[in-house]
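The values are calculated or read from the model by the stated rules, or taken from the named source; none is laboratory data. The structure presented is a predicted model; accordingly, all values stated were derived computationally and were not measured. A quick note on method: Cβ atoms are made from the backbone with ideal geometry, for glycine too, and the neighbour counts reach across all protein chains shown.
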Amino acid sequence: MIATLSTVTLLLAFDPAVIWQVAIFLLMLAVLVVFHEFGHFVFAKRFGVRVEEFAVGFGPRLVSITRGDTAYSINALPLGGYCKMTGEDTADDGTADPGNFQHKKLWQRFIIILAGPVFNLILAVLIFAFVGFTFGVPTGRTNIIDSLLPGMPAARAGLVPGDEIVAFNGQPVKSGDQLVDSIHREVRKPVTIDVRRGHAIFHYRLTTDSTTLPNGTTVGLFGFIPRPTLVQGSAFVALLYGFTNVGDFVNLEVTSIVSAIQRHDSSAIHGTVGVARIVIQAEQSGALYVLTIAGELSVVLALFNLLPIPALDGGRLAFLLVEGARGRPVDPEKEGLVHLTGFALIMVLFIVVTYHDIAQWVSGKGGL
C-alpha cells in the first residue's frame, strides 16, 4: 500500500494532466462554496447586517479591497470561502449597533442562515438548465458506451467509448433502457455481448459486477455510462429541466441516506478525496458530465448544510427554532460550546471518511 500511495503522490506531483484535473476540481469546489456564502452575504446586506469580510479561499490574504464596511478578499487556499458577519458567533453585546446579526429579528436571522443552502439549490437549477440548453435535455439513454469506469468488467474486457452493444446473451438490443435492465438482472454472472465498432462486429464474454441501489436492491453492472439521448429545446424547457432534475436528485439523495442508515452501509459516503476522484473521472468524459457532477454536488452541499448538526447551517437554524419556541435565545455560551463540539466531531468524521476514500482509491474500488 505504501508503494501505491507513493505512486499516486508522484503522479499528482509531476503529471500535468492530473494537476489540471485537480485544479478543475478545486475551482468547482470553490465556486460551489462561494455561491453558498454569497447567499448569506446577499440577505445579510438586505437586512442591514454588517459584513466584515467576504472572502474567496482561506489562509493568507493575496488581495483585499474594502468597500464600505466590507473587505472583499482573495486568499491563498482555493478551498471555498466565507462571509464574516458582525455578531454572528458572539453573544448580544447589549449595544444598539444596528449592524449586529444578533440584533435582527428572528425571521431575518433565519432567512440569512437559510439563504446559503437555498443558493446552492438555485445554482444547481442554473447549472442543469445550462446543460439542458447547451447540450440538450436528456430524454433517455442509448446502447452506446459513452465512458468506462476503470477496473470494471467493461474496461477489463476491452470495450472502448463509442462501442454500440447490439446483442446481449444472443438477443438483439433494441434500446439503452432494455440493455440496462438486462445487465441489472445478471448479478455476478457470465454474459455474452455483440459490439458494433465502426463497420465490424466484435464478440465478448464477461462476468458482471454488482452494486446496491438506494432501495437496497442488488443489481448487475458492466461499469460504463451509456450515451444519453439529448433533445434540444427552448430556454423555458431547459429551465424546467433544471428544476425537475434538482427535485429528482434531492429525492434520490434523501432516499439514499435513509437507505444507507437502515442498512448500516457507509460505502456510498464520500469525502473531499472521494469527490475529487469522481470529478476527475467525469472530466475524462467531457464538459457535459463535469457540469452534471457540479450541479449534483451543489445539491449535496445544500442538503448537507441543512442537516441539524451543530456548526452547520442546519444546526444554527435548529437553535433559532428553539429560540422561537421558548421566546428567548439559548444561552450564547452553551450554544457556542455545542457548535464547537459539533465542529470537532465533523473534523473527526472528515478524517475517517478521507481515510476511507484513500483506501478505496488505492484498492481500485469506489468512484463512479
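Each row is one residue, and each column tells you yes or no for (1) surrounded by fewer than 18 Cβ atoms within 10 Å (Cβ to Cβ); (2) at pLDDT 90 or above; (3) farther than 19 Å from His203 by Cβ.
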residue	(1), (2), (3)
Met152	no, no, yes
Arg156	yes, no, no
Ile165	no, yes, no
Gly176	no, yes, yes
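Inside the range 137-196, residues that are among the basic types (Lys, Arg), under 30 Å from the mean Cα position of the chain (by Cα) and assigned to a strand (DSSP E or B) make up a count of 1.
Out of Ile113, Ile144, one residue alone is surrounded by fewer than 22 Cβ atoms within 10 Å (Cβ to Cβ), among the hydrophobic types (A, V, I, L, M, F, W, C) and touching a Lys or Arg at 6+ places or on another chain (Cβ under 7 Å). It is Ile144.
Quick one: is Gly94 modelled with pLDDT under 90 and in contact with a strand residue (DSSP E or B) (Cβ under 7 Å, 6 or more places away or on another chain)? Here the answer is no, as Gly94 does not meet what is asked.
Residues are listed down the side, and each one gets a yes or a no for (1) touching a Phe, Trp or Tyr at 6+ places or on another chain (Cβ under 8 Å); (2) outside any helix (DSSP H, G or I); (3) modelled with pLDDT of 90 or more:
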| site | (1), (2), (3) |
| --- | --- |
| Arg205 | no, yes, yes |
| Leu252 | no, no, no |
| Val273 | yes, no, no |
| Ile280 | yes, no, no |
| Val290 | no, no, no |
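Do the conditions hold for Gly48, that is, is it out of contact with any helix residue (DSSP H, G or I) (no Cβ under 6 Å at 6 or more places or on another chain) and surrounded by 19 or more Cβ atoms within 10 Å (Cβ to Cβ)? It is false that Gly48 is out of contact with any helix residue (DSSP H, G or I) (no Cβ under 6 Å at 6 or more places or on another chain) and surrounded by 19 or more Cβ atoms within 10 Å (Cβ to Cβ). Quick check on the range 121-134. Is at least one of its residues buried (at least 17 other Cβ atoms within 10 Å of the Cβ), farther than 30 Å from Asn251 by Cβ and within 30 Å of the chain's Cα centre (by Cα)? No, every residue in the range 121-134 fails to be buried (at least 17 other Cβ atoms within 10 Å of the Cβ), farther than 30 Å from Asn251 by Cβ and within 30 Å of the chain's Cα centre (by Cα).
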